[in-house]
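Before any comments, here is the structure.
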Amino acid sequence: MENKPLSSPSRQDDRERLELIIKATGVGIWDWQILTGELSFNERWADIIGYSVDELHSVQFETWASNLHPSDLEKAKQLLQQHFNGETDVYEVEVRMLHKLGHYVWVFASGKLIERDASGQPKRMIGLHLDITERKQYEERLIVSSQLLNESQEVAKLGGWELNLVTGLLFWTDETYRIHETSPDKFDPTVDAGVGFFLPESQVIISDALDKAINQGIGYDLELETYTTKGNKIDVRTTCTVEMKDGKAIRLAGIFQDITEQKHVLRKLEKINLDLEDANSALQLSAHYDSLTELPNRNLLTDRMQQAMSRCLRSQRSVAVAFIDLDNFKEINDKYGHSVGDALLKQVAKDIQAEMRSGDTLSRFGGDEFIALIDDLDSPSDSDEIIDRILNAISTTFEVEGKLLSISASIGVTYFPFDNCPPDQLLRHADQAMYIAKQHGKNQRHTFDIEHDVATKQHAEELKRIGLALTQNEFELFYQPQVNLITHRVVGVEALIRWHHPERGLLSPYYFLPVIENDVLEVDLGRWVIQAALRQLHAWSSAGIEIPVSVNISPMHLQHPRFTSELADMLSQYPDFKPNSLHLEILESSALKDITQASKVIESCGTMGVLFSIDDFGAGYSSLTYLKRLPAKYLKIDQSFVIDMLKDMDDRAIIQGIIELAKVFNLRVIAEGVETPDHAEQLLSLGATLAQGYGIAKPMPVSEFSSWLAAWKTAPLLVDRSE
Ligand code: C2E
Ligand code: MG
Ligand code: MG
């Protein structure tokens, strides 16, 4: 390639080079004949606004002007005028020109007047056009985004700062000024001024931090308190990162944020948290302590009991649980009002506690009840002294709000592990014992009777079992004949209850009747017996066996208000019931409290055809009143006299007396316990003809009765009267 020295270019070369440059740089060229208005341009000029040269062959200045954005026209004309006036050396303007496609493109126009006419009027001007659309758009975006940045910094109250350590220049962003309640035109920030705004305590911290940043290159992130230029106190977060060069800090930069609001919310939150903690601990306190006396309440007591109990089990020692109930506290409360009552309780609580050892627990159980837990005892009696001291401390006169109040206490005590129960039951036992102390006259203590408690529990169990036996049909009536010793006739049978116990076998009434005494079960069982006897009576009658049945009735059952009506109901179920076929045996006993009522029952039952016998006469009460007032038909001599009459002359005499007495009251006598023919003989000699006893027959189940009856009819007489 030919290499021409640049220093001597030919005109042709210059031109070519220029064209190349113009093409390569994308510059539009224009040449304006000002006087004629004619405008010539190159290809690129037309291309910038979307046209080809041919399309724009006759462009006038007016055409160009009308192509400008209306907002830019004035500015362009003005600058042009200034240039024409010679005020500027070069004409330069940035304007928007209408593109062929309808949008505007940004154009940088620059030109120079190169010729004037003779009168000095501008004649020719040349210049260039550059498409600066892209640059303009970028600038706009930059403006928008920096505005956005500024606005968001303002919203976040997040400012920034920069310190050039080389020049010493400190730069604050707009927001940093705003945070300081100032602006760049009013305030010239310096490091000293900035630090000077901080509150004294914060000043020490920030100075130290800046020192470390500058000298050691260590950044920071601090929350401090500062004043604004107007003297308002604010909370700020200020951070610093350090730019190092050659081991030296050259630039510090960081954020500066107003966190007053956050701090305020945080402080509020902290306060709420503290309040919450307070409320929680108050709640905790009320969950475990009595608010009046500040003593442990029931919840805490149960806890303490459990601990004391397991401790004592480990160490083989014992715990006393003392239930303390104030005597007559209610009267004081009613008479003097609650405030006096409360004050008294507080005082009592204090005095009881003073008598207890430090490790023991006194708890307010409720109202005027306290529980003293006396722990770690060698033996139960070791607590006696303490409990006595408590009794004495309470049994005194208290002065409360100027009133003299005399009270005392009843204390019930139980001891673990002798009373080997869980806490709630121990408390119940102590409570029961306290109740007994009250019944015994107050101002004393009573110890829970474990053995009695065990018996009570056992009794309850037995009752339950008997009730079950009734529903499971485990009872049966046996029958024991009653005969006339002279005629040999069977005059009746006594129904005697038996229990077929699944485990213990056949049980006589002595095993279970005493258990149900005075319990409702006594009446239930009594009803069952009457019904069973009536059923049997009906069955025998249907089979042609007409024998009266005697049924034993307990005093409680007889005295039941609905006894008569219930019996009537039962009888009504057997229309074939024959009068005098049912006898009811009642015990001659003190349990028959209301003789008037009993005699009424006997009378009204009598109208239904039911007869009565006085059972076991002579064994108990033996009151003539009975014989006189109870309209019974039979008198049964207690078997104990009969059995012994052969050896015991006294018993014989008693039997004789009873027989005479019966005559007086017009009662027929039946002798029980006729075990041998000798008994029968003796009785006959005394004038008693009706007898019942093993010598005749033992009580037997129904199934055996018919065969016994058949055998009896053919059997020899019990007493041989042939002689
Ligand atoms: P009780 O009414 O005086 O009945 C007579 C008791 O003496 C029966 O005892 C009977 O077996 C027994 N006995 C009869 N003859 C002789 C004898 O010769 N020698 C001896 N040692 N004993 C004889 P059981 O059946 O054990 O009844 C005992 C008591 O239980 C009865 O005395 C009666 O008071 C009561 N009882 C029995 N069944 C019932 C019942 O269904 N209801 C009620 N309320 N009490 C009943
Ligand atoms: Mg009887
Ligand atoms: Mg009897």
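Mind checking the full-extension length gain between Asp31 and Val520? Use 0.36 nm per residue of separation minus the Cα-Cα distance, one decimal, nm.
The span from Asp31 to Val520 would gain 162.6 nm if fully extended.
Say R0 is 30 Å: what FRET efficiency, to the nearest 0.05, do Gln347 and Glu270 get from their beta-carbon distance?
Efficiency computed from Cβ-Cβ geometry: 0.15.
Below 17 Å, Cα to Cα, which lysines can Lys442 reach? Residues fewer than 8 away in the same chain don't count.
Lys330
Among the listed pairs Lys212/Lys268; Lys628/Lys698; Lys464/Lys600; Lys186/Lys263; Lys230/Lys263; Lys186/Lys248, give every one whose C-alpha distance is greater than 23 Å.
Over 23 Å Cα-Cα: Lys212/Lys268; Lys628/Lys698; Lys464/Lys600; Lys186/Lys263; Lys186/Lys248.
Output the peptides 190-201, 482-493, 319-330 sorted from most to least packed, where packing is the average of other Cβ atoms within 10 Å over each peptide's residues.
Those peptides, ordered most packed to least, come out 319-330, 482-493, 190-201.
If the chain between Ile486 and Leu169 were fully stretched, how many nm would it gain, using 0.36 nm times the residue separation less the Cα-Cα distance?
Taking 0.36 nm per residue and subtracting the Cα distance, the gain is 99.4 nm.
Just to be sure I understand the model, the point goes 7 Å from the Cα along the line to the Cβ. What's the resulting Val90 to Leu463 distance in nm?
About 12.3 nm, to one decimal.
Thinking of the chain as a set of Cα atoms, what percent of all their pairs are more than 45 Å apart?
Here the long-distance tail beyond 45 Å is 68 percent of all Cα pairs in the chain.
Can you give the extra length, in nm with one decimal, that the chain gains between Ala354 and Ser146 once fully stretched, where that is 0.36 nm per residue apart less the Cα-Cα distance?
Working it through step by step, the gained length comes to 67.0 nm.
Note down the magnitude of the dipole of segment 319-366 about its Cα centre, charges +1 on Lys and Arg C-beta and -1 on Asp and Glu C-beta and zero elsewhere, to the nearest 20 debye.
160 debye
For segment 550-699, what relative contact order do you get, as a whole percent, if you take Cα pairs closer than 8 Å and at least 6 residues apart?
18 percent
Under a Cβ-Cβ cut-off of 12 Å, what is the net charge of the residues other than Ser623 that fall near it, where Lys and Arg count +1 and Asp and Glu count -1?
The answer is +1.
Compute the acute angle (0 to 90°) between the alpha-carbon long axis of helix 11-25 and the principal axis of greatest extent of the alpha-carbon atoms of the chain; round to the nearest 10°.
Tilt relative to the chain: about 10 degrees.
For the residue pair Lys628 and Leu507, what label-to-label distance in nm results when each label sits 7 Å from Cα along the Cα-to-beta-carbon direction?
Between Lys628 and Leu507, the simple spin-label model gives 4.2 nm.
Can you list residues whose amide H is under 5 Å from Tyr289's amide H, if they're 5+ apart or on another chain and H is modeled 1.01 Å from N?
So Tyr289 has HN proximity to Asn297.
How high is the relative contact order of the chain? Use alpha-carbon pairs under 8 Å, at least six apart in sequence, and give a whole percent.
Reported as a whole number, the value is 6 percent.
Taking R0 as 60 Å, what's the FRET efficiency between Asp188 and Ser10 from their Cβ-Cβ distance, rounded to 0.05?
0.50
Provide the packing ranking of 455-466, 516-527, i.e. peptides ordered by the mean count of other C-beta atoms within 10 Å per residue, highest first.
Top to bottom by mean Cβ count within 10 Å: 516-527, 455-466.
In whole percent, how big is the carbon plus sulfur part of the accessible area of the chain, probe 1.4 Å, protein atoms only?
52 percent
Given the C-alpha centroids of segment 71-146 and segment 420-435, what is the distance between them in whole angstrom?
Using only Cα atoms to place each centre, the spacing works out to 109 Å.
For a quick check: with amide H placed at 1.01 Å from N, whose amide H comes under 5 Å from Phe365's, ignoring anything fewer than 5 positions away on the same chain?
Those lying under 5 Å, H to H, from Phe365 are Phe370, Ile371.
Modelling each spin label as a point 7 Å along the Cα-to-Cβ direction, I'd like the Ser119/Asp54 distance in nm, to one decimal.
Going from the Ser119 label point to the Asp54 one covers 4.1 nm.
Along segment 286-301, what does the Karplus equation 6.51 cos²θ - 1.76 cosθ + 1.60 (θ = phi - 60°) give for ³J(HN,Hα), rounded to whole Hz, x for Gly and Pro?
Running phi through 6.51 cos²θ - 1.76 cosθ + 1.60 with θ = phi - 60° gives 6, 6, 10, 10, 6, 5, 6, 9, 6, 8, x, 8, 3, 4, 5, 4 Hz.
Counting Lys and Arg as +1 and Asp and Glu as -1, each charge on the Cβ, what is the dipole of segment 598-723 about the Cα centre in debye, to the nearest 20?
Charge dipole of segment 598-723: 640 debye, to the nearest 20.
Straight-line reach from Lys123: which lysines have a Cα under 23 Å away, not including same-chain ones fewer than 8 places off?
Lys75, Lys77, Lys112
Relative contact order of segment 157-261, please, whole-number percent, based on alpha carbon pairs below 8 angstrom and at least 6 residues apart.
The normalised contact order for segment 157-261 reaches 31 percent.
What does DSSP give for the chain in terms of the percent of beta bridges that are antiparallel, rounded to the nearest 5?
Restricted to the chain, the bridges split so that about 80 percent are antiparallel.
Using modelled backbone amide H atoms (1.01 Å from N, in-plane), which distant-in-sequence or interchain residues come within less than 5 Å of Asn42's amide H?
Amide H neighbours of Asn42: Ile29.
With every protein chain left in place, what is the accessible area per residue of the chain in square angstrom, probe 1.4 Å?
Value returned for the chain: 55 Å² of accessible area per residue.
Which whole-angstrom value gives the distance between the alpha carbon centres of segment 220-292 and segment 601-630?
Centre-to-centre distance over Cα atoms comes out at 99 Å.
About the Cα centre of segment 288-452, what is the dipole size in debye to 20, counting +1 per Lys and Arg Cβ and -1 per Asp and Glu Cβ, all else neutral?
180 debye
Highest first, please rank the peptides 140-147, 424-431 by the mean number of other Cβ atoms sitting within 10 Å of their residues.
Highest mean packing first, the order is 424-431, 140-147.
The values are calculated or read from the model by the stated rules, or taken from the named source; none is laboratory data. This is a predicted model, so every value here is computed, not measured. Don't worry about glycine lacking a Cβ; one is built from the backbone with ideal geometry, like all the others, and counts go over all protein chains shown. With ligands, DNA and RNA removed, areas are computed over all heavy atoms of the protein, side chains included. Shrake-Rupley method; radii C 1.70, N 1.55, O 1.52, S 1.80 Å.
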